[in-house]
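I'd like to ask you about the structure that follows.
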Amino acid sequence: YYYRMEDEAVLDRGASFLKHVCDEEEVEGHHTIYIGVHVPKSYRRRRRHRRRPGHKEKKEKEKISENYSDKSDVENADETSSSILKPLISPAAERIRFILGEEDDSPAPPQLFTELDELLAVDGQEMEWKETARWIKFEEKVEQGGERWSKPHVATLSLHSLFELRTCIEKGSIMLDMEAASLPQVVEMIVDNQIETGLLRSELKDKVTYTLLRKHRHQTKKSNLRSLADIGKTVSSASRMFSNPDNGSPAMTHRNLTSTSLNDISDKPEKDQLKNKFMKKLPRDAEASNVLVGEVDFLENPFIAFVRLQQAVMLGALTEVPVPTRFLFILLGPKGKAKSYHEIGRAIATLMSDEVFHDIAYKAKDRQDLIAGIDEFLDEVIVLPPGEWDPAIRIEPPKSLPSSDKRKNMYSGGENLQMNGDTPHDGGHGGGGHGDCEELQRTGRFCGGLIKDIKRKAPFFASDFYDALNIQALSAVLFIYLATVTNAITFGGLLGDATENMQGVLESFLGTAVTGAIFCLFAGQPLTILSSTGPVLVFERLLFNFSKDNDFDYLEFRLWIGLWSAFQCLILVATDASFLVKYFTRFTEEGFSSLISFIFIYDAFKKMIKLADHYPINSQFKVDYITHYSCACEPLDPGKRMF
């Protein structure tokens with residue numbers, strides 16, 4: 001609000017306390033000034049005691065209020081509705097815009113591998129952390145038998161679990177940028193923080209530490225055989241700690257804790273982690289997010305902690321793959337709510353795989369930033385009504401993922417750029433195009449893309465061969481073999497007819513075998529089926545007719561075409577021209593496919609007309625005279641046409 005003083009100078013009421021009297025010259029000499037005062041929306045003037053109005057004044061006020069209420073009913077209704085509905089830009093969106101809109105020179109956050117471990121009794125023995133699900137982009141669950149992983153599918157969450165997760169973040173311990181180098185150190189800092197804040201009683205420290213440092217059993221890891229003495233020692237120490245904690249001194253409890261729990265944790269990855277083939281699906285700079293949920297009988301209130309390490313650290317066998325851990329979410333609660341804990345764990349794991357919340361988790365500075373990220377996720381969630389779909393049905397991932405750039409740019413203030421071939425995402429359809437992946441980035445160096453491909457493929461080149469020595473790969477090998485052989489026979493025969501047997505079935509077999517073997521060995525795509533197809537058949541036939549009409553040697557002409565095509569491919573590889581693929585659309589492919597289809601349809605009709613010309617239909621044929629026809633063998637007369 002701005003107050004202007006022009007004609008008269010405003011006298012300061014506090015000046016009465018000063019023994020200074022302003023004369024007329026001083027008052028007239030004052031200049032016009034503007035005073036700006038910022039008044040917040042929640043500002044209200046304090047109520048002051050005033051004299052009680054008389055009966056006449058009350059009636060006048062009532063009349064004024066009635067007239068005002070009659071005139072502004074619609075305005076009051078609009079104000080009420082606007083106060084009920086959320087504002088155009090929510091406080092969470094404003095906070096996220098501030099988080100993601102900050103200019104930061106640091107590289108983009110790496111991709112996260114999220115693993116959900118639950119506290120379960122394995123083989124009827126003591127409680128252990130067992131892996132039940134994992135996320136890269138989509139969720140994979142351990143099937144009911146516990147022997148194999150499910151297919152990746154879209155995670156379906158209950159809305160109640162998201163609200164419970166929000167409450168957990170509000171009430172639990174949030175420790176950002178923790179400096180720790182091992183899992184016992186992380187656990188100790190979390191437990192000490194809970195005790196300092198009054199969320200955990202100090203006498204439960206050993207029990208919580210013992211539980212959090214139990215062994216982790218992953219899906220790829222087979223059960224280890226242990227001696228009966230070790231099993232008896234572990235069970236006896238666990239029973240002393242959980243069932244009768246009063247017996248024994250604290251020193252004895254700490255010694256049992258160290259011998260049965262901390263010795264199971266190693267800072268170095270195990271052999272099973274290093275041999276895990278799932279590592280191929282993760283980029284080199286990937287980091288891990290571990291979610292630990294479970295129920296225990298010694299807690300009355302939930303034990304909740306969200307931890308972000310300052311530097312990603314290898315925490316031994318905590319993760320299925322040898323990936324350093326950056327985030328840790330822990331939820332231990334009383335007995336009887338295992339399903340609720342499981343759903344909360346799935347909720348936080350799904351959030352960590354979401355690209356927007358993933359960036360917020362890396363850049364968050366306090367608890368409110370994480371809550372704002374959850375609120376933004378809730379704003380984008382679509383709820384399916386119960387009874388109209390089966391939650392047991394797993395939704396398969398879409399063929400083309402919708403881009404998250406729209407959500408990110410909305411908060412960072414950037415423009416929603418679309419590549420050629422991408423469909424707009426505001427219509428609810430998935431985005432097409434090739435994206436901006438590493439393979440389609442131009443290096444600007446001579447053979448730079450080829451060198452990067454070799455470096456990326458070299459670590460897995462040998463494993464591609466001995467991984468195929470598996471009974472599960474036999475069906476794929478037989479399928480590819482039969483598909484290649486039948487294709488070579490079919491198009492080889494057609495190629496022989498089109499080129500007067502200059503290229504036939506044998507040439508098609510030999511060419512498929514040699515080029516297919518070279519391509520699979522050096523291109524790194526062993527599942528690609530290489531053989532003659534419709535476009536190749538059309539090209540060979542046109543080339544043969546062209547050579548025949550111009551008195552060219554067809555095979556020699558075909559050899560030079562092959563050498564020239566190989567030379568052009570080498571130039572494209574050396575100049576990184578493959579990055580232009582991301583600008584291609586489906587128009588060229590579909591147009592060429594339409595041309596090939598019309599050519600084959602034309603050939604079919606041409607063949608039928610040709611057969612009708614060589615073998616015309618006898619229009620004078622009569623069924624009644626069928627017994628009068630006779631068959632006789634006569635020598636062939638070249639000048640006579642037979643029907």
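With (1) open to solvent by 20 Å² or more (accessible area, probe 1.4 Å); (2) at pLDDT 60 or above as the list, and ARG255 as the residue in question, which single condition is left unmet?
With (1) open to solvent by 20 Å² or more (accessible area, probe 1.4 Å); (2) at pLDDT 60 or above applied to ARG255, the lone miss is (2).
Test each condition in (1) surrounded by 11 or more Cβ atoms within 10 Å (Cβ to Cβ); (2) at positive phi for GLY493 and report the one that comes out false.
Failing condition for GLY493: (2).
Please go through segment 498-520 and pick out each residue that is assigned to a helix (DSSP H, G or I) and closer than 11 Å to GLU540 by Cβ.
As a first pass, look at segment 498-520 and keep what is assigned to a helix (DSSP H, G or I): 498, 505-520.
Scanning segment 498-520 gives ALA498, GLU507, SER508.
Need the failing condition index for PRO386 against (1) over 19 Å from the mean Cα position of the chain (by Cα); (2) assigned to a loop (DSSP other than H, G, I, E, B); (3) at pLDDT 85 or above, just the number.
Every condition holds for PRO386 apart from (3).
Give the residue, chosen from ALA288, ALA312, that is in a strand (DSSP E or B), under 24 Å from ARG456 (Cβ atoms) and open to solvent by 10 Å² or more (accessible area, probe 1.4 Å).
On the way: ALA288 fails: open to solvent by 10 Å² or more (accessible area, probe 1.4 Å).
Of ALA288, ALA312, the one residue that is in a strand (DSSP E or B), under 24 Å from ARG456 (Cβ atoms) and open to solvent by 10 Å² or more (accessible area, probe 1.4 Å) is ALA312.
Pick out the one residue from LEU521, LEU542, LEU563 that is in the same structural domain as ALA483 (by the TED database) and open to solvent by 100 Å² or more (accessible area, probe 1.4 Å).
Details: LEU521 fails: open to solvent by 100 Å² or more (accessible area, probe 1.4 Å); LEU563 fails: open to solvent by 100 Å² or more (accessible area, probe 1.4 Å).
On inspection, the qualifying residue turns out to be LEU542.
To continue, here is another question. Please work out if VAL356 is touching a helix residue (DSSP H, G or I) at 6+ places or on another chain (Cβ under 7 Å), part of a loop (DSSP other than H, G, I, E, B) and touching a residue at least 24 places away in the same chain (Cβ under 8 Å). Walk me through how you get there before you give the answer.
Values: touching a helix residue (DSSP H, G or I) at 6+ places or on another chain (Cβ under 7 Å): yes; part of a loop (DSSP other than H, G, I, E, B): no; touching a residue at least 24 places away in the same chain (Cβ under 8 Å): yes.
Against the criterion (touching a helix residue (DSSP H, G or I) at 6+ places or on another chain (Cβ under 7 Å), part of a loop (DSSP other than H, G, I, E, B) and touching a residue at least 24 places away in the same chain (Cβ under 8 Å)), VAL356 does not qualify.
I've got another one for you. Where residues in segment 125-172 are of a type in the set (Val, Ile, Thr) and outside any loop (DSSP other than H, G, I, E, B), which of them is least open to solvent (accessible area, probe 1.4 Å)? Walk me through how you get there before you give the answer.
Step one: filter segment 125-172 for residues of a type in the set (Val, Ile, Thr), giving 132, 136, 142, 154, 156, 167, 169.
Among the residues that remain, those that are also outside any loop (DSSP other than H, G, I, E, B) are: 132, 142, 154, 167, 169.
Details: THR132: 27, VAL142: 29, VAL154: 46, THR167: 66, ILE169: 5 Å².
The extreme case among them is ILE169.
Based on what the data block shows, is GLY534 surrounded by 13 or more Cβ atoms within 10 Å (Cβ to Cβ), under 43 Å from the mean Cα position of the chain (by Cα) and in contact (Cβ under 8 Å) with a residue 12 or more places away in the chain? Explain how you work it out, then say what you get.
Values: surrounded by 13 or more Cβ atoms within 10 Å (Cβ to Cβ): yes; under 43 Å from the mean Cα position of the chain (by Cα): yes; in contact (Cβ under 8 Å) with a residue 12 or more places away in the chain: yes.
So GLY534 passes the test.
Across segment 282-337, what is the total count of residues that are within 18 Å of GLU118 (Cβ to Cβ) and out of contact with any Lys or Arg (no Cβ under 6 Å at 6 or more places or on another chain)?
Our first condition is that a residue be within 18 Å of GLU118 (Cβ to Cβ); within segment 282-337, this holds for 288-299, 302-306, 315, 317-320, 325, 327-337.
Adding the requirement that they be out of contact with any Lys or Arg (no Cβ under 6 Å at 6 or more places or on another chain) leaves 288-294, 296, 299, 302-306, 315, 317-320, 325, 328-337.
Residues in segment 282-337 being within 18 Å of GLU118 (Cβ to Cβ) and out of contact with any Lys or Arg (no Cβ under 6 Å at 6 or more places or on another chain): 30 in total.
The values are calculated or read from the model by the stated rules, or taken from the named source; none is laboratory data. The shown structure was predicted, so the numbers you read here are calculated from the model rather than taken from an experiment. Quick reminder, even Gly has a Cβ in these numbers, built from the backbone with ideal geometry, and neighbours come from all protein chains shown. For the accessible areas, the whole protein counts, side chains as well, though only heavy atoms, and no ligand, DNA or RNA atoms are used. Shrake-Rupley method; radii C 1.70, N 1.55, O 1.52, S 1.80 Å.
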